[in-house]
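Reading through the structure tokens given below for one structure.
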Amino acid sequence: MTASPLIPVPIPDGVAALIGSCMPIHILQAEIDAECAVREVYRFRGPLCAEDRADREHALSTLAQANKVLAAYNPRLMVKPGRTY
């Protein structure tokens, strides 16, 4: 996460921990699940076999579930593949 979309400035770990301590646990877990699902979706490139397609669809499903929880808390927390901070 960065402070500005134009100039990427990393947030110190202490500040991130302070922000996280103000959020409910299920929201933090949904954010972690969404970020992991996005990484999983990006693993699958090019022509996919049936097994890889199923894994990619499962990752997209996990992302959708996590985004539903995040959107209920704050719509700006939703994670999208290809989103830059």
Angle check, please: helix 25-43 long axis (alpha carbons) against the longest principal axis of the chain (alpha carbons), in degrees 0 to 90, nearest 10. 40
Okay, helix-only estimate at 222 nm for the chain: each DSSP H run of n ≥ 4 adds -39500 (n - 2.57), divide by all residues, round to 500 deg cm²/dmol; what do you get? -20500 deg cm²/dmol
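Roughly speaking, what is the stretch gain from residue 36 to residue 71, that is 0.36 nm per residue apart minus the C-alpha to C-alpha distance, in nm to one decimal?
So the chain would gain 10.9 nm between residue 36 and residue 71.
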Pick from 60, 28, 18: which is most flexible by mean-square fluctuation in a GNM of the chain where alpha carbon atoms under 10 Å apart are linked? 18
Within segment 1-71, list the trypsin sites (Lys or Arg not before Pro) lying in a DSSP loop whose Cβ has at most 12 other Cβ atoms in a 10 Å radius. 45
How big, in percent, is the set of alpha carbon pairs in the chain lying more than 18 Å apart? 52
In degrees from 0 to 90, rounded to the nearest 10, what is the angle of the helix 50-73 Cα long axis to the longest principal axis of the chain? 30
Which length gain, in nm to one decimal place, applies between residue 17 and residue 57 when the Cα-Cα distance is subtracted from 0.36 nm times their residue separation? 11.2 nm
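Rule-based calculations on the coordinates, nothing more; no lab input. Note that the structure is predicted; figures quoted are calculated from it, not measured. Cβ sites come from the backbone with ideal geometry, for glycine too, and all protein chains shown count toward neighbours.
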